[in-house]
Amino acid sequence: MRIHQYEKLWIAGAMVLIVGFIVTITYGSVGLGITMIGDEEETIAPDELNDDEQFGEPRVEQVGENEYAAYVVAQTFIFQPDPIEIPANNEITFHVTSRDVIHGFYVPGTNINAMAIPGQIAELTVEFDEPGEHGLICHEYCGSGHHTMEGLIVVQPEDEFDLTELSAETPDTVTSGEQVQLNATVDNGQLEPLETTVNAEIGDQTFQQNITVDGNSTQDVTFTADSTQLGVGEHDWTVTVDDYEETGSVEVVSNETAAAEGGEES
């Protein structure tokens, strides 16, 4: 059977289009390294989120070599955590649930697109090749503030990313003659040990301590200052670990003032 030359061209063009469609669909499904939600998601009671080991403190943590998990809670009208900071060139699995009503979890320009449903946990795995910022929006109507519900995903260079957290506190007031204790906690969310230095200032007194925090663990550090040397009055304090800083103040009161305040309370 003889096929006309133009028919051959149309057949060839149709085959190219079909192959192109198949390649496009395949790339969109698996080529981006994204695994969409499965049919058997985990479940969790929305009123138990605060006590849950994963969602009680929404966060990003390292779960394996080049593997991280992001535990995200959607609620009216915010995402937690926000921003979500993750490293480039690593596999990130988002575990997403809702505290109240149905929300959306959508990152424009990517295949990250899921519903955050109370009682269910959606899981999406993705890898970002380049550092940058990506907007996160709710695309399921969730109430009067739906249009304001947005977040941010910050993809950091792999060699600059860490999961260090710092918290610190002192008593509000200390009686002159007592010790001023500044308690700091360093949290290392990565698997590799963190070797760092904690620097502190209380008034005009300075302190420094080198520490090693094991992977996925915390370490407490206490600095003690002499309130007599500080003198009566309010004194600022600062704690720094690498690029992280916590600040506050403590007031040193005289014995007479402390006694008078104690008498008033009794």
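The values are calculated or read from the model by the stated rules, or taken from the named source; none is laboratory data. Fair warning: this is a prediction, and the values are worked out from it, not measured in the lab. Please note: Cβ atoms are built from the backbone with ideal geometry, for glycine as well, and neighbour counts cover all protein chains shown. For the accessible areas, the whole protein counts, side chains as well, though only heavy atoms, and no ligand, DNA or RNA atoms are used. Shrake-Rupley method; radii C 1.70, N 1.55, O 1.52, S 1.80 Å.
Only one of I44, I92, I86 is open to solvent by less than 60 Å² (accessible area, probe 1.4 Å), over 15 Å from F161 (Cβ atoms) and in contact with a strand residue (DSSP E or B) (Cβ under 7 Å, 6 or more places away or on another chain); which?
The unique qualifying residue is I44.
Taking E53 and the conditions (1) assigned to a loop (DSSP other than H, G, I, E, B); (2) closer than 23 Å to H147 by Cα, which numbered condition does it fall short on, given that it satisfies the others?
All conditions pass for E53, except number (2).
Every residue in the stretch 200-225 that is surrounded by fewer than 16 Cβ atoms within 10 Å (Cβ to Cβ) and either in contact with a Cys (Cβ under 7 Å, 6 or more places away or on another chain) or under 19 Å from E178 (Cα atoms) (or both), please.
Across the stretch 200-225, the qualifying residues are D204, T206, T222, T224.
Out of all the residues in the stretch 207-244, which are assigned to a strand (DSSP E or B), of a type in the set (S, T, N, Q) and in contact (Cβ under 8 Å) with a residue 24 or more places away in the chain?
Once the filter is applied, which keeps residues that are assigned to a strand (DSSP E or B), of a type in the set (S, T, N, Q) and in contact (Cβ under 8 Å) with a residue 24 or more places away in the chain, the stretch 207-244 yields S217, T218, Q219, T222, T224, T238, T240.
What is the one condition in (1) closer than 30 Å to F128 by Cα; (2) open to solvent by 80 Å² or more (accessible area, probe 1.4 Å) that Q190 does not satisfy?
(2)
Go over the candidates R59, R99 one by one and state the one that is within 17 Å of G151 (Cα to Cα), of a type in the set (K, R), out of contact with any Gly (no Cβ under 9 Å at 6 or more places or on another chain) and buried (at least 17 other Cβ atoms within 10 Å of the Cβ).
Checking each option against the conditions leaves just R99.
Taking I112 and the conditions (1) touching a residue at least 60 places away in the same chain (Cβ under 8 Å); (2) within 17 Å of the chain's Cα centre (by Cα); (3) open to solvent by less than 60 Å² (accessible area, probe 1.4 Å), which numbered condition does it fall short on, given that it satisfies the others?
Checking I112 against (1) touching a residue at least 60 places away in the same chain (Cβ under 8 Å); (2) within 17 Å of the chain's Cα centre (by Cα); (3) open to solvent by less than 60 Å² (accessible area, probe 1.4 Å), the one that fails is (2).
Tell me, please, whether a residue that is in contact with a His (Cβ under 6 Å, 6 or more places away or on another chain), on the phi < 0 side of the Ramachandran plot and in a strand (DSSP E or B) can be found in the stretch 87-102.
no
Tell me, which residue of the stretch 226-243 that is surrounded by 17 or more Cβ atoms within 10 Å (Cβ to Cβ) and hydroxyl-bearing (S, T, Y) is nearest to the chain's Cα centre (by Cα)?
T240
Filter the stretch 115-164 down to residues that are in contact with a helix residue (DSSP H, G or I) (Cβ under 9 Å, 6 or more places away or on another chain), crowded, with 20+ Cβ neighbours inside 10 Å and part of a strand (DSSP E or B), then give me how many there are.
Of the residues in the stretch 115-164, 0 are in contact with a helix residue (DSSP H, G or I) (Cβ under 9 Å, 6 or more places away or on another chain), crowded, with 20+ Cβ neighbours inside 10 Å and part of a strand (DSSP E or B).
Could you tell me whether E65 is modelled with pLDDT under 95, surrounded by fewer than 15 Cβ atoms within 10 Å (Cβ to Cβ) and more than 30 Å from S144 (Cβ to Cβ)?
Yes; evaluated as a whole, the condition is true for this residue.
Tally the residues that are modelled with pLDDT of 80 or more, over 30 Å from A69 (Cα atoms) and open to solvent by 60 Å² or more (accessible area, probe 1.4 Å), restricting the search to the stretch 3-41.
Selection size over the stretch 3-41: 10.
Looking at V60, is it within 25 Å of G135 (Cβ to Cβ) and at pLDDT below 90?
So V60 does not fit the description; no.
Quick check on the stretch 244-262: of everything there that is open to solvent by 70 Å² or more (accessible area, probe 1.4 Å) and polar (S, T, N, Q), which residue is modelled with the highest pLDDT?
Looking at the filtered set, the residue picked out is T247.
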